[in-house]
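Below: one structure, written as structure tokens.
The values are calculated or read from the model by the stated rules, or taken from the named source; none is laboratory data. Please read these numbers as outputs of a predicted model, since none were measured by experiment. Cβ coordinates were reconstructed from backbone atoms using ideal geometry, including for glycine residues, and neighbour counts include every protein chain displayed. With ligands, DNA and RNA removed, areas are computed over all heavy atoms of the protein, side chains included. Shrake-Rupley method; radii C 1.70, N 1.55, O 1.52, S 1.80 Å.
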Amino acid sequence: FEGKRPSLHPTKLAAAPTPFSPGVITDRKGRVTFYTSGTSGQGVTIEKTLAQLERESAALESLWGPSLAETLIVSTVTHQHIYGFLFRFLWPLLAGRPFHADALPLLQDLAPSFNSLGPCALVSCPAHLRRLPDLSELATCRPALTKVFSSGGPLGQSTALRLEADLGHAPIEIFGSTETGGVAHRTRSTKTPDPPWTLLPEVRIAVREDDQGISVCSPFAGGAQWMDMNDQVERIDDTHFKLLGRIDRVVKIEQKRVALDQMEGHLIHSHLVADAGLALLDESGHRDLMGAAICLSEDGRALLASTDRKAIVLTLKSLLADYYEQVTLPRKWIFVDALPRNPQGKLPAQALEQLFKASRPWKPDVLETQVDGNQAHIQARVPADLRYFDGHFDEIAIVPGVAQLHWALSFSERCFGLTPDITQMEAIKYHSLMMPNETFELDLIWNAEQGKLTFSFYSDSKKYSSGRFLLQS
């Protein structure tokens, strides 16, 4: 197939598709090298033999091949990782099934093309599938889009059920890793919204006693060698299990263990949330501070427009309180348009931490503002994660004096409509240190005739700073 966005143009195959026949690959010792980083950001090189990849393709064909007859494979993921390599390239190639050569990230442009192409199967990942239900044209794809595969990370229950409602069938989720290859699959539906995972053919698992982690023995990877994974499971029987979360994402909050994967799952199940990422933050010495980065759903965005972020935070905290103790709940909440997931749909820890750092405030939290002519009174609180604390100082966090000057000028612009073009500063004095979480008062007096702005920062117990600005008239 030759692709030309936003439409696809099929060409005739050189020969009719042939049934999948193991042993087509003659170079049994040939190898393919994959590079994976997972959630840690540390690169790992994984080698697979062509024989292993062919065997895994045969297993996939045995499960879903009969339902994919004369089906075109299209994909939003690249061939550069093992899931994309197998599902969008090698498996259809060995089965003689047509596939589109390019990754197709602009689904909103391609949705109208599906019906003209005939039966299609979509190979995608949670990061891309989360956006699919928002496409108004998705329901029109129902006759043509006969199957959807998802892998690379956990797919939210709400996304799976919405896709089922729009397309008439839910995505098939694949669980595995670059090291182990595919391990198991499941399909959520309205009737079974949280089914167990079913092992792929020839794959065996064991549950480690020390950490409840899963170990895998698979012909798609190490053969008779057992490989440990960083995922905790609850085994149901010889072929079924439930995922409990990643071992490396279990943290301690106030000496209590919290599985970040599970808490993220509870958030994503909310109709207000499209995606969620949790991280343990180290801000101003608060090492037990949990941060939640939330990408709101359509319902969440509508609620935010009609109320405020505090109401949404309280709603989500109330949801989590059914499962967790109050002291373990996230204390820092940020709302973003999208989480920094990589092309494989994973959320690297470093990228998530940078998202929280970038969201840290430069200004105080305003509690009350009163303006009476040429006078203004502001009550505010110093955020514990104020950006000005970086390097000021390592031993103790202090609001810099220059930051207080900047705040005074910013509030004068807001309250009096002044342009803070300073020509001179007078009687600038610093009396006491301003610290994190302290509540302060700020008085501003604007003398238009003299072009002078007088400011004073203080609280009930101390005075912080005061002075005057001479502004350009």
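Miscellaneous remarks
- Counting protein heavy atoms only, the chain has 50 percent of its accessible area on carbon and sulfur, 1.4 angstrom probe.
- Rg/Rh for the range 123-222 (Cα atoms only, Rh after Kirkwood) is 1.04.
- Between F99 and I73, the built amide H atoms are under 5 Å apart, and every one of these is 5 or more places off in sequence or on another chain.
- For the peptides 138-144, 407-413, residues were scored by their other Cβ atoms within 10 Å and the scores averaged per peptide; the highest-first order is 407-413, 138-144.
- When you count the other C-beta atoms within 10 angstrom of each residue and take the mean per peptide, 433-439, 51-57 line up highest first as 51-57, 433-439.
- From phi via Karplus (6.51, -1.76, 1.60), per-residue ³J(HN,Hα) for the range 199-205 in Hz, x at Gly/Pro: 5, 5, x, 6, 8, 10, 10
- Helix-only CD estimate at 222 nm, as mean residue ellipticity for the chain, using -39500 (n - 2.57) per DSSP H run (n ≥ 4): -6000 deg cm²/dmol
- Each Lys and Arg contributes +1 and each Asp and Glu -1, all at the Cβ; summed about the Cα centre of the range 175-292, the dipole is approximately 320 debye.
- Intensity falloff of the chain expressed as log10 I(q)/I(0), Debye formula with alpha-carbon point scatterers, at q = 0.08, 0.10, 0.13 Å⁻¹: -0.62, -0.84, -1.18
- The amide H of W333, built 1.01 Å from its N in the peptide plane, has A292 as neighbours under 5 Å, considering only residues 5 or more places off or on other chains.
- Under a 5 Å amide H cut-off, with hydrogens placed 1.01 Å from N, V273 pairs with S297 among residues at least 5 apart or on other chains.
- Cβ crowding within 10 Å averaged over residues, with 71-84, 196-209 ranked highest first: 71-84, 196-209
- Each of L260, A274, L244 was placed along the dipole of the range 241-327 (beta-carbon charges, centred on the mean Cα), and the one lying farthest toward the positive end is L244.
- Taken over the Cα atoms of the range 239-352, the convex hull encloses 134 Å³ per residue.
- The range 327-418: mean projected area of Cα convex hull, nm²: 9.2 nm²
- Extreme residue, positive dipole direction of the chain, given options Q157, P219, W362 (C-beta unit charges): P219
- Rounded to whole numbers, the Karplus 3J(HN,Hα) couplings from phi for the range 414-422 are 6, 7, 10, x, 7, 9, x, 9, 7 Hz, using 6.51 cos²θ - 1.76 cosθ + 1.60 with θ = phi - 60°, and x at Gly and Pro.
- Here the chain is treated with +1 on each Lys and Arg Cβ and -1 on each Asp and Glu Cβ, and its dipole about the Cα centre works out to around 780 debye.
- Multiplying the residue separation of D211 and E254 by 0.36 nm and subtracting their alpha-carbon distance yields 13.4 nm.
- Ordering I398, I82, S67 by the projection of their Cα atoms onto the charge dipole of the chain, which places +1 on the Cβ of Lys and Arg and -1 on the Cβ of Asp and Glu, puts S67 at the extreme positive end.
- For the range 317-326, putting each phi into the Karplus relation 6.51 cos²θ - 1.76 cosθ + 1.60 with θ = phi - 60° gives couplings of 5, 5, 4, 5, 5, 6, 10, 10, 6, 4 Hz, in residue order, rounded to whole numbers and with x for Gly and Pro.
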